[in-house]
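The values are calculated or read from the model by the stated rules, or taken from the named source; none is laboratory data. Note that the structure is predicted; figures quoted are calculated from it, not measured. Note that we place each Cβ from the backbone using ideal geometry, even for glycine, and neighbour counts take in every protein chain shown. Accessible surface areas use protein heavy atoms only, side chains included; no ligands, DNA or RNA. Shrake-Rupley method; radii C 1.70, N 1.55, O 1.52, S 1.80 Å.
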Amino acid sequence: MLDLIVRGANLPDGRTGIDVGVSAGRIVAVEPALSAQAATELDAQGQLLSPPFVDAHFHMDATLSHGLPRVNASGTLLEGIALWGELKPLLTQDALVERALRYCDWAVAQGLLAIRSHVDVCDPRLLAVEALLYVRERVKPYLDLQLVAFPQDGLLRSPGALDHLTRALDMGVDVVGGIPHFERTMAQGAESVRILCEMAAERGLRVDMHCDESDDPLSRHIETLACETVRLGLQGRVAGSHLTSMHSMDNYYVSKLIPLIREAGVAAIANPLINITLQGRHDTYPKRRGMTRVPELLAAGVPVAFGHDCVMDPWYSLGSGDMLDVAHMGLHVAQMTGQQAMRQCFDAVTTTPAGILGLADYGLAPGCRADFVLLQARDPVEAIRLRATRLAVFRGGKQVACTLPRTAQLALPGRPAAISFQP
Ligand code: FE2
């Protein structure tokens with residue numbers, strides 16, 4: 001007797017009519033016509049059962065702060081950073097916790113059950129670090145929150161940042177962050193990468209840096225990050241976030257750079273909603289898209305995830321924790337409209353970021369924790385097309401959220417009474 005069986009589901013790998021059995025919070029069977037019985041049975045009716053969405057790049061200390069203390073008038077990255085600087089002295093721990101918990105509610109409802117969030121460590125009070133460490137424990141029963149120590153104002157550029165970042169890691173922040181392109185010179189950027197990678201190697205931690213988030217074709221910090229990864233034996237533990245300068249780089253140089261990234265085992269995290277809005281701001285026409293070279297990185301064997309980055313904060317006033325919205329934008333910006341490419345965009349918000357975060361028991365296979373989401377779509381491509389409704393979200397075999405199916409009622413002569421946008 002099992003606890004739960006979801007019957008007749010389609011899976012992201014293309015299998016159809018699959019039953020998924022759950023016992024004691026773990027998946028114990030994934031097969032057609034499972035002969036066992038369960039206390040609870042759910043008929044998936046041929047809809048897609050997916051492992052949960054994973055966001056590899058977010059800023060939970062800034063989320064839902066839109067309009068505080070004012071709105072970003074230009075909509076640019078640099079005004080956003082300045083605005084965040086104005087907001088920081090006004091932050092309180094209670095407000096940070098309340099906004100983060102509210103965002104986690106949204107995330108769970110969207111089937112987003114694991115988030116890597118950068119947390120700004122440049123405030124000597126480390127208020128945001130304390131708040132998000134508390135939130136990490138508080139949400140642990142329903143959401144995996146991984147924190148990155150992020151020196152927003154520059155490790156070397158901002159006085160005391162190295163000390164604050166070290167303290168944040170001592171307090172239990174999981175991952176070493178950085179922002180080399182924001183340092184004063186290219187040389188100081190490279191120096192910051194070296195210092196931070198050595199720190200990660202000494203502590204046995206992962207690395208995830210905001211890297212080359214500009215339209216500067218000569219920004220070279222991803223090259224340094226890959227080299228330091230190899231030098232320190234950090235392969236498989238390092239991610240470069242944004243990498244937007246790669247959009248503008250010389251093609252010959254990129255033909256040398258991508259194999260280096262691949263050899264270093266460095267993953268890439270693009271943030272399509274943010275890259276398409278923040279990059280190319282100095283262009284007239286044509287305006288650059290600014291997102292990194294996703295199809296080319298994937299073709300070389302580099303893991304590429306899509307992150308949400310921002311939701312209703314100083315940089316971006318939109319968003320709702322919907323990783324299918326993120327995948328939809330990534331697919332369009334990268335022109336990844338082939339069938340295989342569209343499925344890769346679904347992977348970029350599920351399995352690929354799970355690998356980057358190092359989530360041990362993630363997936364739809366026996367032995368994995370019974371975390372999954374039933375979508376109102378039959379396959380990953382339809383899920384992206386419809387930004388499909390999350391019919392039911394499960395964590396450890398327990399349903400933690402549900403949404404009614406999306407159905408429109410029609411009053412048209414001779415036409416169906418209801419439609420759900422599925423052919
Ligand atoms: Fe970011």
Kindly provide the helix-only [θ] at 222 nm of the chain, computed as the sum of -39,500 (n - 2.57) over DSSP H runs of four or more divided by all residues, to the nearest 500 deg cm²/dmol? -10000 deg cm²/dmol
Given the options 85, 101, 235, identify the residue whose Cα lies farthest towards the positive end of the charge dipole of region 53-357 (+1 on Cβ of Lys, Arg; -1 on Cβ of Asp, Glu). 235
Need the list of aspartates and glutamates near residue 256 for cross-linking: C-alpha distance under 15 angstrom, and skip anything on the same chain fewer than eight residues off. 223, 296
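Rank by packing, highest mean first: peptides 187-194, 209-216, 26-33, with packing defined as the count of other Cβ atoms within 10 Å averaged across residues.
209-216, 187-194, 26-33
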Taking a cut-off of 29 Å between Cα atoms, list the lysines near residue 398, but don't count ones fewer than 8 places away on the same chain. 140
Test of understanding: extend the Cα→C-beta vector of residue 125 to 7 Å, then name every residue of region 52-67 with backbone N under 14 Å from that spot. none
Amide H contacts under 5 Å for residue 400, restricted to residues at least 5 apart in sequence or on another chain and with H modeled in the peptide plane, are 393, 394, 395
Keeping every protein chain present and rolling a 1.4 Å probe, give me the accessible area per residue for region 101-240 in Å². 35
So how far, in whole Å, is the C-alpha centre of region 217-248 from the one of region 306-344? 22
Roughly how many debye, to the nearest 20, is the charge dipole of region 53-357 about its Cα centre, given +1 on each Lys and Arg Cβ, -1 on each Asp and Glu Cβ, and no other charges? 380
Between residue 79 and residue 296, the two model label points (7 Å from Cα along the beta-carbon direction) sit apart by a distance in nm of 3.1
Taking loop as defined by DSSP and a crowding limit of 15 other beta carbons within 10 Å, which trypsin sites (Lys or Arg not before Pro) in region 65-107 fit? 70
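When only Cα pairs under 8 Å and 6 or more residues apart are kept, what is the percent relative contact order across region 175-309?
22
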So, relative contact order of the chain in percent, Cα under 8 Å, 6 or more apart, is 19
Taking all protein chains together and a probe of 1.4 Å, list 106, 315 from the most accessible to the least accessible. 106, 315
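Share of region 53-357's accessible area from carbon and sulfur, percent, 1.4 Å? Could you put the intermediate results ahead of the total?
Details: 6010 of 10970 Å².
Ligands and nucleic acids excluded, carbon and sulfur reach 55 percent.
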